[in-house]
Amino acid sequence: MIVVNHLTKAFNKQTVLRDVNLTFANATVTAVIGPNGSGKTTLMKCIVGLVRPDKGTITLDGISTLAEPAVRSRIGYMSQVARYPENLSGKDLINMVRGLRSHSHPDVADELINDMQLSSNLAKPMSALSGGTRQKVGAVLALMFSPAALLLDEPTAGLDPIVTERLKDRIAHARSEGASVVITSHVLAEIQEVADRIVYLHEGIVVYDGTLTDLLDKTEQQSLSRAVIVLMREQESASSPQHRSGGAP
Amino acid sequence: MTTTLLRYVVRDVLRSRWLALYFVFFIVATEGLLYFTAGEAKTVVGLMNIVLLLIPLAAAVFGTLHVHNNRDFVELMLTQPVSRGSIYTALYLGVSLPFLVAFLAGIGIPAAIHGIVFSPPILALLGAGTALTMVFFAIAYYIGVRVQDKAAGMGVAFIVWLSFAVLYDGLILALTVAFADYPLEAATIVMVVFNPIDLARIIVMLTFDYAALMGYTGAVFQDFFGTGTGIIVSCCSLVAWTLVPVLMGYRAFSKKDW
């Protein structure tokens, strides 16, 4: 279980996350959604230790992800853009991660490589691979140790439909094994398929945190995309000057 | 952990065409100078000028570029159960060591073929080049980590190189002329210590009689840097020139958001 407590982060005076409190339970897929610049990626990066929070704590099963690098052996992270060193191959990267983590967990990389249709491209340098293929390498790196926490930042961007479906199956499998899965995506139809819970961020503040069903009921919509539009409009009107001053035009 | 990461950083750099070009350049330049110039001293002076300009420039530019071009690789490493210290060490050594070996082999192989590899001037040149490689990769890595924008980082790296390679000497010359009526020996020695390129140049120059050509200043340097104390001071200064930017870079890397 990932627990985020009073998380605040600013970049050059611009606050990206404001006192965020969230709990990502085990065996649950939580989708973090929101408009561009709402703080989704920063939240993910704070959890995995790429970004240092200004305030707050983050723990995985009670262990701080910031203070204890060893806890990252239980976290799988797939970044938005998979740009790796041009002269290394996918095989090199997989072997490197194996070398760094193999003492703690058995890996399922070979199975994933077949699943992601990567075998024929594995020995090629990254410079020779398409964006989608590099994304597949990123997926293998994130999933290969069946992590307790799986953080996926726009995981299906650039993937073909077959591999996208297989990735969704893998996400469902991770959930069934008890992993805490956190996913961001702008493809809300995909989110609706895989997510149990929705966290909606707006300007670094958690605006909605609840189940998908509750969100659909609350907004009286049939689909997640329409429900999100309702949330976005509510936020726009809440932050408009008229609303702030409380007066009518 | 560090050795695992180091292996893959080195593997990536070894496959870089820039490293191959760097090695070939030194081998061609050394062999060419040994072939066309009569005498070991002239070859070393010719090589010294190349080493003092090219190594700092190549290290400053390639080191800074390496940080910016490998942001996602660094992110991948940071998401693994490895401390930031191990990652920084692996990155710094993984880039600097292949370039160091390319330099040592590029000069050492032709020198060995000509039977002069163990002569004091060549050994001093190899030592000076080793120090400059480690110093300027350390500075470059610090710049790469601190300056977020790639173009700005490259600009800062170039200005740092220009300052040490050209502007600093101009400043010393101007001060020497302006204060010609005062005894400046001690001040000149101190100023030399604050520029790793000057320090490397003097270490090489003092291994042969060409120091005499530097006139009174050369004699002053000979009196200080030619002694045991001088050698210890110059070696300690070059070690400090490596360690200080490495530690500053590590500090910046530890606090950096990726």
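The values are calculated or read from the model by the stated rules, or taken from the named source; none is laboratory data. Just so it is clear, the structure is predicted and the values come from calculations on it, not from any experiment. Methodologically, a virtual Cβ is constructed for each residue, glycine included, from the backbone with ideal geometry; neighbour enumeration extends over all protein chains shown. Just the protein is used for accessible areas: all its heavy atoms, side chains included, with ligands, DNA and RNA removed. Shrake-Rupley method; radii C 1.70, N 1.55, O 1.52, S 1.80 Å.
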Item to check | Test result for B:Ala60, buried (at least 17 other Cβ atoms within 10 Å of the Cβ), in a helix (DSSP H, G or I) and either within 14 Å of chain A (Cβ to nearest Cβ) or in contact (Cβ under 8 Å) with a residue 40 or more places away in the chain (or both) | outcome: yes
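Let's see how each residue does on (1) facing chain B (nearest Cβ under 8 Å); (2) within 22 Å of the chain's Cα centre (by Cα):
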position	(1), (2)
A:Ala67	no, yes
A:Val71	yes, yes
A:Met78	no, yes
A:Gly99	yes, no
A:Asp107	no, yes
Checklist entry - Taking into account only those residues within the range A:184-242 that are among the hydroxyl-bearing types (Ser, Thr, Tyr) and outside any helix (DSSP H, G or I), which is farthest from A:Gly34 (Cα to Cα)? => result A:Ser240
Checklist entry - Picking from A:Ala31, A:Ala27, which residue would you name as being open to solvent by 40 Å² or more (accessible area, probe 1.4 Å) and within 16 Å of the chain's Cα centre (by Cα)? => result A:Ala27
Item to check | Leading residue by the ranking (surrounded by the fewest Cβ atoms within 10 Å (Cβ to Cβ)) among those in the range B:64-83 that are under 13 Å from B:Val13 (Cα atoms) and more than 7 Å from every other protein chain (Cβ to nearest Cβ) | outcome: B:Asn69
Checklist entry - Looking at this structure, is A:Asp61 in contact with a helix residue (DSSP H, G or I) (Cβ under 9 Å, 6 or more places away or on another chain) and charged (D, E, K, R)? => result yes
Checklist entry - Of the residues B:Ile172, B:Ile107, B:Ile143, which is crowded, with 23+ Cβ neighbours inside 10 Å and either under 22 Å from B:Val45 (Cα atoms) or touching a strand residue (DSSP E or B) at 6+ places or on another chain (Cβ under 7 Å) (or both)? => result B:Ile107
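Yes/no matrix, rows are residues, columns are (1) closer than 13 Å to A:Tyr84 by Cα; (2) open to solvent by less than 10 Å² (accessible area, probe 1.4 Å); (3) within 14 Å of chain B (Cβ to nearest Cβ):
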residue: A:Leu112; (1), (2), (3): no, yes, no
residue: A:Gln117; (1), (2), (3): no, no, no
residue: A:Ser120; (1), (2), (3): no, no, no
residue: A:Lys124; (1), (2), (3): yes, no, yes
residue: A:Ala128; (1), (2), (3): yes, no, yes
residue: A:Thr133; (1), (2), (3): yes, no, no
residue: A:Val137; (1), (2), (3): yes, yes, yes
residue: A:Ala142; (1), (2), (3): no, yes, yes
Next on the checklist: Against the condition open to solvent by 20 Å² or more (accessible area, probe 1.4 Å) and at pLDDT 85 or above, how does B:Val135 come out, does it pass?
Outcome noted: no
Item to check | Out of B:Leu5, B:Leu34, sole residue that is crowded, with 18+ Cβ neighbours inside 10 Å, in a helix (DSSP H, G or I), more than 11 Å from every other protein chain (Cβ to nearest Cβ) and not aromatic (Phe, Trp, Tyr) | outcome: B:Leu34
Checklist entry - Which residues, counting only those in the range B:84-95, are more than 10 Å from chain A (Cβ to nearest Cβ), open to solvent by 10 Å² or more (accessible area, probe 1.4 Å) and under 21 Å from A:Arg98 (Cα atoms)? => result B:Thr89
